[in-house]
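A short reminder: the numbers here are calculations on the coordinates, not readings from a lab. For clarity, every value in this text was computed on a predicted model and none was experimentally measured. Note: ideal-geometry Cβ built from the backbone for every residue, glycine included; neighbour counts use all protein chains shown.
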Amino acid sequence: MKKNTICSNWPKYLLQWAVLAAIIFFVSGLATKLIPDATPADPETYCPAGGLQALTTYAVRGSLPCSMSSVQILMGLGLAAAVVLFSKLFCAFICPIGTVEDLLTKLRKALGIKGIHIENGSLADKILSIFKYILLFWIFYSTATASELFCKNLDPYYAVATGFKGEITLWMSIVTVSMVIVGGFIIKRFWCRYICPIGAASNSLKFWLTMLFLAFLWWVLSKLGLELPWWCALAVFCLAGYIMEVFHSRPKLQLLHVIRDEDRCGRTCQSCRKNCPYNIEVTSFGSVVNSVNCTLCGECVAACPSKALKIGFGKTSPRTRIFNYLPVVLTILIGTAAYFGGKSFELPTIDEKWGIEQGMELKTFTVENLKTVKCYGSSMAFKAKMEKVNGVHGVKTYVGSHTVVITYDPARISEAKLSEVVFEPSHFRIWSPDPSKLSELKVVTIRTEKMTSKLDLNYLGLQFRTTGKSIFGLESEYDCPLVVRVYMSPDEQLDEDWFREIVEKKELEMPVHGGGTKVTPVDFEFVRMEKEVGTIGIKEYLERMFDPFTAEFNGEYPSADSTVIIKRVKYYEGQPQYIFEVAEQSYEKPIIKRALPYLSNHVSKEEGVIGLYLKLNRELVPSIQIRFAAPMTAEKIQELITMDTWTITYAKDDVREEPARMKFPEPGISYKYTDE
């Protein structure tokens, strides 16, 4: 009689489906709608694959990619430890791709469709197995060299979880998702067996003694003066893993195995192989089933009609059903330990030193809550800024807690000066005043503490926005305590107690797209409100709050003996020039500003287009202005900007046709350009 493995192996299915349901619940946005204060989920938050890539990057570059969290790193270490000690528990019970592929196999069988069976150890199996090792090398090499998680470009889970809107390469994601669905429907665990790079890494780690020997050999060669590039070690790891999987597929140094009672096993029913996701021929082993592909999922144990199989530490392990549940329990324990362990520490995203000379007595200065330091890129930008400061010799950043540690020479720079250098004066517009109704605004100055980042001013501005008061904008200026100028309607009468209450709110609550509320903890301190109240003209205010954009283009022009590249501003000097203008109040929004480099790239290819600007026009309305001269015309520019696709040049040999990032429903106007 055919056994129902779902009932017999219920802990596995309960954990698998619970993980899949939790992922769907959070990434679909249901969590933000049903759970108070829930924030939109990051699909990569707990992914151990990203953690392993981060560790590789840290070993190679001494830095972490992106906004990698300690939880992810611990998840990666947990995955590796589970493989070395027990088996591929992540593949068996956690990975959503594996769960989907199992469901596809059950669907195919329910429909009565015969799949393709690839025998383990066959020529086809050996050839197909190499692809996951090639992908493993490519992904880890690309991540370590760029300090960005390259796997996001093609990870089918990430693509689906983000609705194909994340940091993906579309064609790669479509290919990999198709492989999961089509391949998994036809061949059991096709992705896991032949494509998955984490499957390749896990199989390599099963031969951990071999890998340790190779690492020791690498160390010996380096001590002998043979300095090989780091990627050679990665290549050796991948190649050794493939060779061991194909030619020695029976690792023996794990603690847990499927144990087979040879006296009970009839060898003829083959229920174990038929139910195994990896087609492992269990009866070809002795008492210990030590296949490299075994994940301890328990499907063979649950399917065995003669109860000849169990999970245990060796053939002398007592026959008890409790041991069959041990892999699930271990998976939960390791995942829980990784989660809470990751919350208790944080690795620096970068840790850079420079210009240190013998005899220097250096100190460190810590700046907390610097929210502009939130990823590898912003960490490197902060480092570049600090390298220009006389007396600073190092930067360490922790993006999870938005903390930086600056190494400095106290003989050349003080902590007070460092605080001033780190601080970035900024402004934040809350509402746009109507120039036809207001000729000037009232300026109130308040003093605050614990606002180290320009993002803090944004958060405070959002706090003011929720009050419904006619407060139009904020501007910060470094001082101790910090100067914050509040621009408001002359009719508003707000006292010191009101400002204290708003500034010292502990949480910022903002609605998010798709429903729900995002709660951001804040911890600002109100010091005082200055007695002096000033005024500012509306035109001056709008200009101070406005962030312009300028892009002026080069051109190739023939000279007497060659082609020269000069600025088009210079080339068209003295010729009649014009401005094509499209005005819209929304053009000052960040989403529009992010699109402007693409628009300027698109129009810059046309002869006669000199530059593209975002400015306030004569009516003080934000406007996109395109400066041009003959042979370009206003009609041609209107046609260019309203195209459904834009031509974007990323590199000399990388020109793409992409959907337009902006719409221009209203036609623009043109007028003669002047230098005023």
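Data for the structure
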item: On Cα atoms only, tilt of 454-465 relative to the major axis of the chain in degrees; result: 80 degrees
item: Where labels lie 7 Å past Cα in the beta-carbon direction, separation of LEU228 and GLU639 in nm; result: 6.0 nm
item: Value of relative contact order over the chain, rounded to a whole percent, pairs C-alpha under 8 Å and six or more apart; result: 11 percent
item: Taking the range 5-324 and dividing mean pair separation by its residue count, relative contact order in percent (alpha carbons under 8 Å, at least six apart); result: 19 percent
item: Charge dipole of the chain about the Cα centre (unit charges at C-beta), most positive-ward option of ILE116, VAL522, PRO576; result: ILE116
item: Residue among TYR487, PRO435, ILE502 farthest towards the positive dipole end of the range 427-544, charges placed on Cβ; result: PRO435
item: Model label zone, LYS33; criterion: amide N under 18 Å from point 7 Å along Cα-to-beta-carbon; scope the range 160-188; result: 161-163
item: Compactness index (Cα Rg / 2.2 N^0.38 Å), the range 350-422; result: 1.03
item: Relative packing of peptides 437-444, 626-633 - highest average C-beta neighbours within 10 Å first; result: 626-633, 437-444
item: For the range 220-348, diffusion coefficient by Stokes-Einstein and Kirkwood Rh (Cα), 10 °C, 1.306 mPa s, µm²/s; result: 91 µm²/s
item: Where only C-alpha atoms are counted, convex hull volume of the range 5-324 per residue in Å³; result: 152 Å³
item: Lys, Arg +1 and Asp, Glu -1 on Cβ, resulting dipole of the range 546-672 about Cα centre, debye, nearest 20; result: 320 debye
item: Listed residue pairs exceeding 32 Å between alpha carbons, taken from LYS442/LYS589; LYS343/LYS469; LYS343/LYS505; LYS88/LYS383; LYS165/LYS383; result: LYS343/LYS469; LYS88/LYS383
item: Test item: Cα-centred dipole of the range 350-422, Lys/Arg +1 and Asp/Glu -1 on Cβ, debye; result: 260 debye
item: Over the chain: Kirkwood hydrodynamic radius from C-alpha pairwise inverse distances, Å; result: 29.8 Å
item: Sequence of PHE86, PHE247 once ranked by neighbouring C-beta atoms within 10 Å, starting from the fewest; result: PHE247, PHE86
item: Diffusion constant of the range 427-544 at 37 °C, which comes from Stokes-Einstein with the Kirkwood Cα-pair radius and 0.692 mPa s, µm²/s; result: 223 µm²/s
item: Per-residue Cβ neighbour rank within 10 angstrom, fewest leading, ARG260, ARG465; result: ARG465, ARG260
item: For the range 546-672, the Rg and Dmax computed from alpha carbons only, in angstrom; result: 14.8, 48
item: Distance between modelled label sites at PHE131 and GLU281, nm, 7 Å Cα→Cβ extension; result: 2.4 nm
item: Distance in nm between pseudo-label sites at ARG321 and TRP171 (7 Å out along the Cβ direction from Cα); result: 5.4 nm
item: Euclidean distance between Cα centres, the range 528-582 to the range 195-235, Å; result: 54 Å
item: About the Cα centre, charge dipole magnitude for the chain (Lys/Arg +1, Asp/Glu -1 at Cβ), debye; result: 4080 debye
item: Between 0 and 90°, nearest 10: helix 96-110 axis offset from the chain longest Cα axis; result: 50 degrees
item: VAL422, VAL389, VAL301 arranged by Cβ crowding within 10 Å, fewest neighbours leading; result: VAL389, VAL422, VAL301
item: Cα-based helix-to-principal-axis angle, 590-603 vs the chain, degrees rounded to 10; result: 90 degrees
